[in-house]
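Asks: A single structure is presented below for examination.
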Amino acid sequence: MQTILDFYARTHTPYLHALGRAGTGYLLQQMAPKPGSRLLEIGFGTGQTMLELTCRYNGVEVFGLEKSAEMLRVAQKRFAFSGVSADRLQEMPASLHFPFPSNFFDAVYCESVLAILTDADLAKMWQEIGRVLRPGGYFFLNESVWREGVSMGRMAEINHQCIEAFGIPQATVTWPYPSDWKHLAKEQGFEMLRCISMEGIRARLPFQMDSRLFRSHIFSLAGKSSMLFSVSLWKKQKLLRRLFQQFATKEPYLEGVFFWCRKKD
């Protein structure tokens, strides 16, 4: 089944999460990894955040898992075009069992990935994240969740419309609100250190003179420009714009929330 994510992969679109590039800037500020740290990104998409970490923090090892074969292919192309090894980009196993030993990573992070999973996959993902994180390691999430007050019926209606329009749900209804994610983290053996709305965040990715980051920017622009030469992509973009406009007329029902969790010792 084709989804909106396939379109974003074909157009090399980066920063597919709350606050976009600024959201990634805030994530990196909070993570501030030290040399020698091992990091894992779940659902790296077209690879931009992994590349940012690799280029901006010397001595940090960044690994990634991605479920979409198309996203993985594009991320590998981004890394190759930027002159960075893509050896640590891997496809997510269908079993969701991460191909890493226990207590291997200092931090795990994801941006708008977990909230669109099925209940079973979300629970399995938390378990695996807990397994591969070292005791005291951190888990960072930038997720879009439902605003307090949105009814379960409204959530189900919106998710149905989004699956019909975009091929993916808007957000989980089993753990709908930030408070539910706090309980979920606790159940999985994590301490919630921070839970804040991204709407109040003022952050940015500072400019850095790095040819690899510049080439990655060119790669993103090339993907966007491909719509000028592909009738199918142009039609898809036109359809998506019309659907976005329809959804934009509705009341605000989602908010980006930044969660910072610590695996208990």
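The values are calculated or read from the model by the stated rules, or taken from the named source; none is laboratory data. All figures in this text were calculated on a predicted structure; none of them were measured in a lab. Cβ coordinates were reconstructed from backbone atoms using ideal geometry, including for glycine residues, and neighbour counts include every protein chain displayed. Just the protein is used for accessible areas: all its heavy atoms, side chains included, with ligands, DNA and RNA removed. Shrake-Rupley method; radii C 1.70, N 1.55, O 1.52, S 1.80 Å.
Asks: With +1 on each Lys and Arg Cβ and -1 on each Asp and Glu Cβ, and nothing else charged, work out how big the dipole of the stretch 1-75 is about its Cα centre, in Debye to the nearest 20. Write down the numbers at each step before the final one.
Replies: Details: 7 positive and 6 negative charges, 28 e Å.
Approximately 140 debye in magnitude.
Asks: Follow-up question, since we're still on this one. Rounded to the nearest whole Å², what accessible area per residue is found for the stretch 2-63 with the 1.4 Å probe?
Replies: Per residue, the stretch 2-63 has an accessible area of 34 Å².
Asks: Let me ask another. Could you check the spin-label model distance between A165 and M152? Points 7 Å from the Cα along Cα→Cβ, value in nm.
Replies: Spacing of the two 7 Å Cα→Cβ label points: 2.5 nm.
Asks: Using 5 Å bins from zero, what percent of all Cα-Cα pairs in the stretch 102-167 falls into each bin?
Replies: Percent of pairs per bin, in order: 4, 14, 18, 21, 17, 10, 8, 7, 1.
Asks: If you count only protein heavy atoms with a 1.4 Å probe, what accessible area per residue comes out for the stretch 80-180, rounded to a whole Å²?
Replies: 41 Å²
Asks: Would you work out the Kirkwood radius for the chain? I mean one over the mean of 1/r across all pairs of different Cα atoms, in Å.
Replies: Radius from the Kirkwood sum: 19.1 Å.
Asks: Top to bottom by accessible area (1.4 Å), largest first, where do S85, S144 land?
Replies: S85, S144
Asks: Additional query: Could you give the C-alpha radius of gyration of the stretch 1-118 expressed as a fraction of 2.2 N^0.38 Å, taking N as the number of residues it contains?
Replies: Cα Rg divided by the expected 2.2 N^0.38 Å: 1.01.
Asks: If you don't mind, there's one more thing I want to ask. By the scheme Lys and Arg +1, Asp and Glu -1, what is the net charge of all other residues having a beta-carbon under 10 Å from that of P135?
Replies: Combined, the nearby Lys, Arg, Asp and Glu give +3.
Asks: Within the chain, how many Lys pairs that are eight or more residues apart, or on different chains, come under 20 Å at the alpha-carbon?
Replies: Step by step, the pairs that qualify in the chain add up to 16.
Asks: I'd like the distance separating the alpha-carbon centroids of the stretch 120-139 and the stretch 203-265, in whole Å.
Replies: Each part reduced to its Cα centre gives a spacing of 26 Å.
Asks: So, one more: What value, in deg cm²/dmol to 500, does the helix sum -39500 (n - 2.57) over DSSP H runs of n ≥ 4 give at 222 nm once divided by the residues of the chain?
Replies: -13500 deg cm²/dmol
Asks: If you roll a 1.4 Å probe over the chain with all protein chains in place, what percent of the accessible area is carbon or sulfur?
Replies: 55 percent
Asks: Which of the peptides 181-194, 3-16 is most tightly packed, and how do the rest follow, going by the mean number of other Cβ atoms within 10 Å of each residue?
Replies: 3-16, 181-194
Asks: In vacuo Debye scattering of the stretch 60-192, one point per C-alpha: log10 I(q)/I(0) at q = 0.11, 0.14, 0.19 Å⁻¹?
Replies: -0.47, -0.74, -1.20
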